[in-house]
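What follows is a set of notes on a single structure, which appears directly below.
The values are calculated or read from the model by the stated rules, or taken from the named source; none is laboratory data. None of these values were measured; they are calculated from a predicted model. Cβ atoms come from the backbone with ideal geometry, glycine included; neighbour counts cover every protein chain shown. Each accessible area value is taken on the protein alone, full model and side chains, heavy atoms only, with ligands, DNA and RNA left out. Shrake-Rupley method; radii C 1.70, N 1.55, O 1.52, S 1.80 Å.
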Amino acid sequence: MAQGRDNYVSLVSVLRHDYATDLFVYAIDGDRLTSFDPRKPAWRYGSDPDRLLDTMRQVGIDPTYLPGGDVTGDGPYHEHGDRRRL
């Protein structure tokens, strides 16, 4: 956990497991803003599930991707077949 500039506490958790669901969570002051399985980033949850969309794209995660195809059909990684994981 990190103490933020405005006296809030932010937390990032990344769970990687061989036999269970992987999970990324971003929270501030106990409020889960964004969480998703890095293998299915199109299914995001939390009070602000789209908060990290630009960051996801910057690190190579297509936020529209689901195994077997992408949700919107316009994901940039869909055309090139490039899939990256956390």
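Residues in region 42-56 that are surrounded by 15 or more Cβ atoms within 10 Å (Cβ to Cβ) and farther than 25 Å from Y8 by Cβ: A42 only.
Scanning region 2-16 for residues that are on the phi < 0 side of the Ramachandran plot and either touching a helix residue (DSSP H, G or I) at 6+ places or on another chain (Cβ under 6 Å) or open to solvent by 40 Å² or more (accessible area, probe 1.4 Å) (or both) turns up A2, Q3, R5, D6, Y8, V9, L11, V12, S13, V14, L15, R16. The number of residues in region 17-38 being open to solvent by 80 Å² or more (accessible area, probe 1.4 Å) and under 18 Å from Y65 (Cβ atoms) comes to 1.
Okay, residues lined up against (1) assigned to a strand (DSSP E or B); (2) at pLDDT 95 or above; (3) not polar (S, T, N, Q):
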position	(1), (2), (3)
N7	no, no, no
L11	yes, no, yes
Y19	no, no, yes
F24	yes, yes, yes
K40	no, no, yes
S47	no, yes, no
